[in-house]
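Okay, so here's the structure we're looking at.
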Amino acid sequence: GLPAALPALPLELTVLYNFLLFTVGASDSAIRGEAEGIRQGLLRVLEVCGACGQDLGTEELWQKVLQEVTEEELQAPLHRLGALQAAWWLAAGCLGSVAGLFQLLNTAEELGRSHCSEGQNELLSLIKAWRVPPEGTSLPLVQSAKELKEILCTAAAFLQGLQELEAGNFPTALSLLQEAAGGFCSKKILAQIYTCLGCCAQRMGKPQTALQHLKRALQVDFQCLPALSHVAAVYHELGETDVELQALTLLYEALGKNPPAAASSSPCFLMRTELLVHTPVLTSLLRHHHPSEVKYLLARRCLQDGRVADAVEHYLDFLSLLQEGLKQQVPLDGSSALPRIPEVFLEAASALEQAGRHQDAITVCEEVISRTADLIPRVLRVEERLEQPECSSPGAELASGLLSQKKESLCCLAWRAAGYLHQGWAWAKLGESKEAVTQFSRCLSDLLRLQLHGSGIKPTENLQAEVEVLQKIRLLSLIGRGSQFLELGRHKEALLDFQYSLQISPGDPAAASYLVQALWKLNRKQEAAAQWQKLSQSSPGEDGQQRGQGRPLPLYLVSCLEQAMFPHREPLARSIQDYLRTAAQDTSS
């Protein structure tokens, strides 16, 4: 409350500098908001000079103070306070304000030195050109301005590198992040910078360089577990599954241990780089996975790679984690690697089937079927086009809600139908053809709830993916039921199912081959031979294209697709060729 006095003002500003640093260091959390203490200090300086700046914004206030206050004894404390202001602005992402402030702090000579040539960064050049004021002997500083300058340089390079990385300017991002890695920071921050360098190199299509940076991150700070998850992602990209799975296993084990004390920030400072850098892109790159997410990734990758026994073990471990309140532990903001829980159950069932544990697969599917029973309406109408109101119109929110609800119903229908589909194939593998037919029929009966309306059968694009999955399940179920009808000697019913299959997916090689077999067993050999010749004339590329057309199948359907493939192609081909040869001889004679 005392009036400002010039003799005491240098001491007052130095005390303010130390106080603000103590406040930052004591909170040990990211700097946010404005530094009101700095503003009050600047107003005190103007008061001594007989000027006023109450109505000015912070940038204008700094400009007024640095241009109008010429007293020599105030220059050093003002410069130190300016460096603190730069730290607050860096933390807020106001890089333009920081550059403007250092243009004011630098003398004409320093500005000449800071003039950056092509390829140099203007903000870094301005900070580096700033001449640190000498420290007085009257009152010690809790953190020197020289140390603060180094931290500002590191933070500015790191922040700009992250901005360029997010914008997709990878060479510039790489250069700035390398500048930050050579700066003044703790081991923890250095590991984070190397992790970002690894991600940048990966996006540039340089996986080996990415691995070098990520391994360096782990050498600097072995607790930087996000680096290990990125290592697994790079090996996945390279197709090196063994090493990818090793990295995921290490990550899972590390996450399960109690974390030791954080990597030291030696030497310890009140103002640190980590307090200035807290952007969404950094949070995303350094997101810590929950152990259950890593366990799921292990299960999924093993299943995709055909390591069925390992996949079963991981899926069962994951399902046991569900009993421990998994939903309360995993983020629900879309950043989690976990799919919807019914899909995980169906993937587990697929793994169990491939491992020959058919009864277990049936039990797991029953859980999905029972849980989704009450979530599906009796009739699901999907129009060819849904009128989408303008985003600004009153009905937009309602229409979006209805679309979301319909999408959810389609997903539930797909999960339930897929449960029956898996059960059908499981019973078929157990040699229980009648029970298999029952499950396939239940699948098809459920799918009758879906009604497509419009001149064509293509639904609105927003629901296209869900409807494609349902159509694929219908196709696989018809093929499955038809194959079991053949096993039971019910050839006419089998023929009908294969004909329906080809209506859903014309030219499907599995359905077409089974159709030929059904005709052959019905002693309609001439028709069977004609269909076989037609099928044989289609190129192998067309068959592959038919199986892989559209969007990629959900992982839980891949094993069903493989089981639906026709297994008797060569014996049937020989029988038909013998028949054609005999028919040709009879004709010639």
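The values are calculated or read from the model by the stated rules, or taken from the named source; none is laboratory data. None of these values were measured; they are calculated from a predicted model. Glycine also receives a Cβ, built like all others from the backbone with ideal geometry; neighbour counts cover every protein chain displayed. The accessibility values were calculated without ligands, DNA or RNA, using every heavy atom of the protein model including side chains. Shrake-Rupley method; radii C 1.70, N 1.55, O 1.52, S 1.80 Å.
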Condition set under 13 Å from Gln192 (Cα atoms) and assigned to a loop (DSSP other than H, G, I, E, B), scope the stretch 280-304, selection most open to solvent (accessible area, probe 1.4 Å): answer is His288
Exactly one of Ala349, Ala337 is at pLDDT 90 or above and farther than 30 Å from Lys149 by Cα, and that one is Ala349
Criterion first (modelled with pLDDT under 95, surrounded by fewer than 12 Cβ atoms within 10 Å (Cβ to Cβ) and of a type in the set (D, E, K, R)) does Asp578 satisfy it? yes
Would you confirm whether any residue within the stretch 78-96 is touching a residue at least 60 places away in the same chain (Cβ under 8 Å), within 27 Å of Leu275 (Cβ to Cβ), part of a helix (DSSP H, G or I) and among the charged types (D, E, K, R)? yes
So which residues in the stretch 131-158 are aliphatic (A, V, I, L, M) and either farther than 15 Å from Asn121 by Cβ or surrounded by fewer than 24 Cβ atoms within 10 Å (Cβ to Cβ) (or both), if there are any at all? Val132, Leu139, Leu141, Val142, Ala145, Leu148, Ile151
I'd like the residue in the stretch 196-208 that is more than 16 Å from the chain's Cα centre (by Cα) and open to solvent by less than 30 Å² (accessible area, probe 1.4 Å) and, out of all such residues, is nearest to Tyr235 (Cα to Cα). Pro207
From the options His230, His213, His236, residue that is assigned by the TED database to the domain that holds Thr283, over 19 Å from the mean Cα position of the chain (by Cα) and surrounded by 17 or more Cβ atoms within 10 Å (Cβ to Cβ): His213
Quick one: Cys52 ticks every box in (1) at pLDDT 90 or above; (2) among the hydrophobic types (A, V, I, L, M, F, W, C); (3) in a loop (DSSP other than H, G, I, E, B) except a single one, so which number is it? (1)
The conditions are (1) farther than 24 Å from Gly96 by Cβ; (2) surrounded by fewer than 17 Cβ atoms within 10 Å (Cβ to Cβ), and Val48 fails exactly one of them. Which is it? (2)
Residues satisfying the stated conditions in the stretch 60-90, i.e. among the hydrophobic types (A, V, I, L, M, F, W, C) and open to solvent by 10 Å² or more (accessible area, probe 1.4 Å): Leu66, Ala76, Trp88, Trp89
Restricting to the stretch 57-77, count the residues that are part of a helix (DSSP H, G or I) and either within 23 Å of Gly161 (Cα to Cα) or of a type in the set (Asp, Glu) (or both). 5
The stretch 503-524, residues that are crowded, with 19+ Cβ neighbours inside 10 Å and in a helix (DSSP H, G or I): Pro509, Ala510, Ala511, Ala512, Ser513, Tyr514, Leu515, Val516, Gln517, Ala518, Leu519, Trp520
Within the stretch 166-183, identify whether any single residue is within 21 Å of Met271 (Cβ to Cβ), open to solvent by 30 Å² or more (accessible area, probe 1.4 Å), in contact with a Ser or Thr (Cβ under 9 Å, 6 or more places away or on another chain) and in a helix (DSSP H, G or I), and answer yes or no. yes
Pairs needed: first member in the stretch 287-304, under 13 Å from Glu347 (Cβ atoms); second member anywhere, modelled with pLDDT under 95 and open to solvent by less than 10 Å² (accessible area, probe 1.4 Å); C-beta distance under 6 Å; at least 6 residues apart or different chains. Lys295/Phe318; Tyr296/Phe318; Ala299/Phe318
